[in-house]
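What follows is one structure encoded as C-alpha cells, with my remarks underneath.
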Amino acid sequence: MGFFWTIVVMVVLLGLAWRYLGSYMVSVYEGRMSWLGWVERPIYRALRVDPEAEQSWQRYTGALIIFSGVAILATYLIIRLQGHLPLNPQHQNAVPAGLSFNTAVSFVTNTNWQNYLGESTMSYFSQMAALTVQQFVSAAVGIAVAIALIRGFSRKGSPTIGNFWVDLTRGVLYILIPIAFIAGLVFVGQGAVQTLAGPANVHNALTSANQSIPRGPVGFMESIKQLGTNGGGFFNANGAHPFENPTGVTTLLSFVLLLSIPFALTYTFGKMVGRVRQGVAVLAAMVLIFGVWVGFSSYAEHQSNPAVAAAGVVHQPTGNMEGKETRIGDTTSALYNIASTQTSTGSVSASNDSFTPIGGFGLLSGMMLGEISPGGTGSGLYTILLFALVTVFLGGLMIGRTPEYLGKKIQAREVKLAALGVLVMPVTVLTLAAVGVTTSAGRAGPLNAGPHGFSEILYAFTSQGNNNGSAFAGLTGNTTFYNVAGAVAMLLGRFAIMIPALALAGVLAAKQVVPASAGTFKTDTPLFTGLLVGVILIVGGLTFFPAVSLGPIVEQLSHGKLF
Amino acid sequence: MLVHLRRAVILTIIFFALCGLAYGYAATGLSHVLFRHQADGSITANGSTLIGQSWSGPGWFQGRPDSNTPMASGAANLGPRSQALEQAAAKQVDALKKQGIQPTPGLVTTSGSGLDPDISPTDAYAQVDAVAGARHLAAPQVHQLVASHVHIAELGFLGSDYVNVLELNQALAQVR
C-alpha cells in the first residue's frame, strides 16, 4: 500500500511541476522573467553580450562547443590541482590524470559517471567549485539545446535560433539555482550533512569502538544532483548513503526533483509551439514507457534473491534486500533507480548490480531506448523530438505523403539529421562494448562471473553513451582503458546528438509553415503517441536485443544455477 | 571564435563564483543557522544515528552485516546469482543460528551504502530472545523496547518502517 501512495503523491507533485514549472520555463526562455535582472544584467555586460541579439545555429553550436571545452579544462585543472587549493581538510592529493580527464568529461557532459570514490578522492573545494558548478551548467546547456530546437519548430523563416549565452545564463539563474537552493534546505533538514569541517571522530562508550565519519558540503549538492539529472554523488554510495538520502521524505523529493524538469519541458514545448496538446502527445509516450518499466522492475525487486534463498533464507517478504537500504525498501528503491536511469540522472539508492535479472534489465533497457522517458534535462526532450521526426517520416511513407511535423515539411535533410542523432548512441555503445569484451583490458573489469559480468561491461558503456552515469558498480572502471573509452562514449553520447539537434533547429527555423490539410498526419493524437512508442521500442529493441540476451536474459533463464 | 572563447572563459569564472563559492557558502551558512545538528552529521553521544556501526558481542542488537567503514561507503555489488553472495549469506545464516537468532533477509544481506544504520522491525524482533537471554532480561520487556523504537515510514508510506540500531542499543543500555 505504501508504494501505491508514493506513486499517487509523486503523480500529483509531477502534475503540478508539469503545468507550473513548464509555463515558468516558457517565461524564462522568452525573456519575460526579470526578478533576477540585478544578477543577470551584469553578467551580460561582463560578457559583452546583447541579450536581444540572436545567433544562427552554427554560431549557437560553436559557442556551446567552446564553452563546454573550457568547462572540461577548468574542471580538469581544479581536480588536478586540488592538493594546492583551499577547503581540503582531509589533505586529498591530486587526482591522477586519466581519472581527472574521465571525471571532467563526465561532469561537463551531464553524465556524472564516477570512476572515483567521492569521500576518499575529492576535496571539498573540488566537489563545490568543480563538480557542483558543472552540475548546474551542464544541465542548463541541455535545456538550452531543447529550447533552441523548440524555437526551430515554432518559428518560420527565421535565420536564428536564440542566443546560447542568454539561454545558458537564464537556465542557471532562474530555474536551477532557486529550486536547488530550496530543495537543498529540505535535504539538510532531513539529515543530509552540509559542513566544511572535516571528518567527525566519534567514540562509542558502549562498545568502546572509534569511528571516523566523512562529512562535507553534501545536502545542497544533492539537490542540484537530482534537479539537473546529474547523479554524481558526494559519496561513493551515492543516494544510498544516509548522509545523502537520509529519509523517506528525501527519497520522494529526489525522484520528484529528477523527473520534474524533463517532464515539464513537454509543457514548455507544447506552449511554445502554440498547442499544448502537441506536448501532451510526447508526454504520453514518455509516461507510458516510464510506467511500464517502473511496474515490472518494482515487481521484480519484490521477489526473492536466489542466492540468498540458496543460503537458506527462503522466506523473503521484504523482497530482494541485497544492496538495498532498510529505510528505503525494495519497491521504492526500484522506483528511485528506474526514475534515475530513465532520466539520465544515474543516481542510485540501491546497488544496481544486486538487482534481480529483470530489475537489472529494466535499468539497462530504459537507457537503451535513448533516454527519452523522460530523459535528462533538455536531452530527453530533444532526443524524443528526433524520434518524433523519424515517426512522422515512417507515417508519411505509410500514407504516401511528404511528412510534416508542426507544420514543417520533413524532407531528406531533416530525416538524415534525425536518424543520425538517433543512431549515434547504439553504434557507440555496441562498438565500445564489443571492444570491452574482446580485449583483456576490458575483460579485467567485471567483479561478477558469467552473464552478470557481461552485463557489467554492457551497462558501463550504455550508461556512459547515454550520459546516464549509473553503474553496475561491480566493474572496476578506474583503468586507462575504461577511463579513455568511457570518455569517448560520453563525448559522443552528448555532442554527437546535440549537434544534429541544433542543426535541425536551424534548418527548421528557416522553413515556412505549411497549412494543415485533410491529408495531414495529426501529431497530437493517441495514434501518434502509439506510433512514437512503437518506433522507440523497435529501434531500441532491434539494436540491443542480441546484446541484452547475452546478459540479463541468460541470467534470468539459468534455472537456479549460480555463477 | 575568439569572441566565443573569451566569453566562455569569463562565464566559466562567473559560474565558478556563483554556483560554486556563493551557493556553497550560503548553503553551509544557512544550514548551520537552521539545522545545525543535522548539518554536522546527526551525531549523538555514541555515534551518528545515520551511520551504521558494528555491534559485536551477544548483549547488543546487531545491524546488517555491512562493512561499516564510513571512509569507504558502497555496496558489495554481488549479483543475485553470484556464488560469492550465496557463500557470504550462508556464513551469516550459520553465525545467526549459533546465537539463537532466526535468520531474516535483512540480517543476511548487506545494504547499498555499506553503512545502513537501520534494521527492519522483523530483523529486530528476531533478536529479542537472544538479547534478552544474554542480558538476563525478560523477553516481553525487550520486545516492548523494540516496539517503542519502531519508526513508522514518514507519513505512513514514504519508504519502509525501520528501527535505528544505535537508538535501540542506547535505550537497551539504560534498562536495568
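Each principal axis of the protein assembly as shown carries a Cα extent, and these read 86, 55, 49 Å when sorted largest first. Return a whole-number percent for the relative contact order of the range A:92-147, with Cα pairs under 8 Å and 6 or more residues apart as the contact set. Dividing the mean separation by the residue count of the range A:92-147 yields 39 percent. Net charge dipole, the range A:250-401: roughly 700 debye, given to the nearest 20, about the Cα centre with Cβ charges of +1 for Lys and Arg and -1 for Asp and Glu.
For helix A:412-438, what angle does its Cα long axis make with the longest principal axis of chain A, in degrees from 0 to 90 and rounded to 10? Once rounded, one gets 20 degrees. With the charge dipole of chain A set up from +1 on Lys and Arg Cβ and -1 on Asp and Glu Cβ about the Cα centre, the Cα lying farthest toward the positive end among the listed residues A:419, A:65, A:517 is that of A:517. Taking label points 7 Å from Cα along the Cα-to-Cβ direction, residue A:537 and residue A:81 give a separation of 5.3 nm. Comparing Cα centroids, the range A:457-504 and the range A:381-417 end up 27 angstrom apart. Peptide B:63-74 shows a mean partner chain C-beta count of 5 within 10 Å per residue C-beta. Cα-based radius of gyration for the range A:135-254, normalised by 2.2 N^0.38 Å, reads 1.44. Taking each residue as 0.36 nm, the span from residue A:39 to residue A:16 lengthens on full extension beyond its C-alpha to C-alpha distance by 5.5 nm. Can you tell me how the range B:1-104 classifies by the Cα gyration tensor, rounded, prolate or oblate, using a/c under 1.5 as the rounded cut? Oblate, since a/c reaches 1.5 and b/c is not below a/b. In loop segments of the range A:15-119 as defined by DSSP, the trypsin sites (Lys or Arg not before Pro) with at most 14 further C-beta atoms inside 10 Å of their C-beta are A:32, A:48. For the range A:434-456, the residues whose backbone nitrogen is under 14 Å from a point 7 Å from the Cα of residue A:557, taken along Cα to Cβ, are A:451. Pairing the Cα long axis of helix A:248-272 with the longest principal axis of chain A, what angle in degrees results, from 0 to 90 and rounded to the nearest 10? Between helix and principal axis, roughly 10 degrees. Counting only other chain Cβ atoms within 10 Å of each residue's Cβ, the peptide A:473-484 averages 1. Report note on the peptides B:70-76, A:306-312, A:375-381: ranked by the mean count of other C-beta atoms within 10 Å, highest first, their order is A:375-381, B:70-76, A:306-312.
Charged neighbours of residue A:110, selected by a Cβ distance under 14 Å, balance to +1 (K, R count +1; D, E count -1). Does the range A:349-443 come out rounded, prolate or oblate, given a ≥ b ≥ c as the square roots of the eigenvalues of its C-alpha gyration tensor, rounded meaning a/c under 1.5 and, failing that, prolate meaning a/b above b/c? Because a/c hits 1.5 or more and a/b exceeds b/c, the range A:349-443 counts as prolate.
When both the range A:235-266 and the range A:276-350 are represented by their alpha-carbon centers, they are found 14 Å apart.
In the elastic network of chain B, a GNM with C-alpha springs shorter than 10 Å, the most mobile of B:158, B:137, B:85 is B:158.
Tell me whether the range B:30-176 comes out rounded, prolate or oblate; compute the Cα gyration tensor, take square roots of the eigenvalues as a ≥ b ≥ c, and use a/c under 1.5 as the rounded threshold. Here the range B:30-176 falls in the oblate category.
Counting only DSSP H runs of at least 4 residues, each contributing -39500 (n - 2.57), and dividing by the residue count of chain B, the helix-based mean residue ellipticity at 222 nm comes to -13000 deg cm²/dmol.
Ranking A:4, A:23, A:364 by how far each Cα lies toward the positive end of the dipole of chain A (charges on Cβ) leaves A:23 at the top.
Summarising the amide proton neighbourhood of residue A:404: residues at separation of 5 or more, or on other chains, whose placed amide H is nearer than 5 Å comprise A:410, A:521. Inter-chain Cβ neighbour count for A:208-219, averaged per residue, equals 5 (cutoff 10 Å, partner chain atoms only). For the pair residue A:441 and residue A:93, label points projected 7 Å from Cα toward Cβ lie 2.3 nm apart. Ordering A:173-182, A:325-334, B:17-26 by mean Cβ neighbour count within 10 Å, with the highest value first, yields A:325-334, A:173-182, B:17-26.
Dividing the summed helix terms, -39500 (n - 2.57) for each DSSP H run of n ≥ 4, by the number of residues in chain A produces a 222 nm estimate of -19500 deg cm²/dmol to the nearest 500. Projecting the alpha carbon convex hull of the range A:69-124 along each direction and taking the average yields 3.5 nm².
Only the Cβ atoms of Lys and Arg (+1) and of Asp and Glu (-1) were treated as charged; on that basis the dipole of the protein assembly as shown about its Cα centre amounts to roughly 2040 debye. With a Förster radius of 41 Å applied to the C-beta separation of residue A:4 and residue B:44, the computed FRET efficiency comes to 0.75.
Determine, from the Cβ-Cβ distance of residue B:94 and residue B:176 and an R0 of 35 Å, the FRET efficiency 1/(1 + (r/R0)^6), rounded to the nearest 0.05. Given R0 = 35 Å and the Cβ-Cβ separation, E is 0.60. Take the Cβ atoms of residue B:3 and residue A:303, set R0 to 35 Å, and the FRET efficiency comes out at 0.05.
Residues of the range A:114-154 with backbone nitrogen within less than 20 Å of a virtual label 7 Å along the Cα-to-Cβ line of residue A:210, please, listed as ranges. From the range A:114-154, the list is A:120.
Each Lys and Arg contributes +1 and each Asp and Glu -1, all at the Cβ; summed about the Cα centre of the range B:1-130, the dipole is approximately 500 debye. Rolling a 1.4 angstrom probe over the range A:484-563 with all protein chains present gives an accessible area of which 79% lies on carbon and sulfur atoms. The C-alpha atoms of chain A define a longest principal axis, and helix A:526-548 lies at about 50 degrees to it. Taken one residue at a time, the phi angles of the range A:134-146 give Karplus couplings (6.51, -1.76, 1.60, θ = phi - 60°) of 5, 5, 6, 5, 5, 5, 5, 5, x, 5, 4, 5, 4 Hz. Gly and Pro are set to x. Centre-to-centre, using Cα atoms only, the range A:1-41 and the range B:74-114 are separated by 43 Å.
The values are calculated or read from the model by the stated rules, or taken from the named source; none is laboratory data. A quick note: this is a predicted structure, and the numbers were derived from the prediction, not measured. Note that we place each Cβ from the backbone using ideal geometry, even for glycine, and neighbour counts take in every protein chain shown. The protein model used for the area step is the full one, side chains on, heavy atoms only, and it has no ligands, DNA or RNA in it. Shrake-Rupley method; radii C 1.70, N 1.55, O 1.52, S 1.80 Å.
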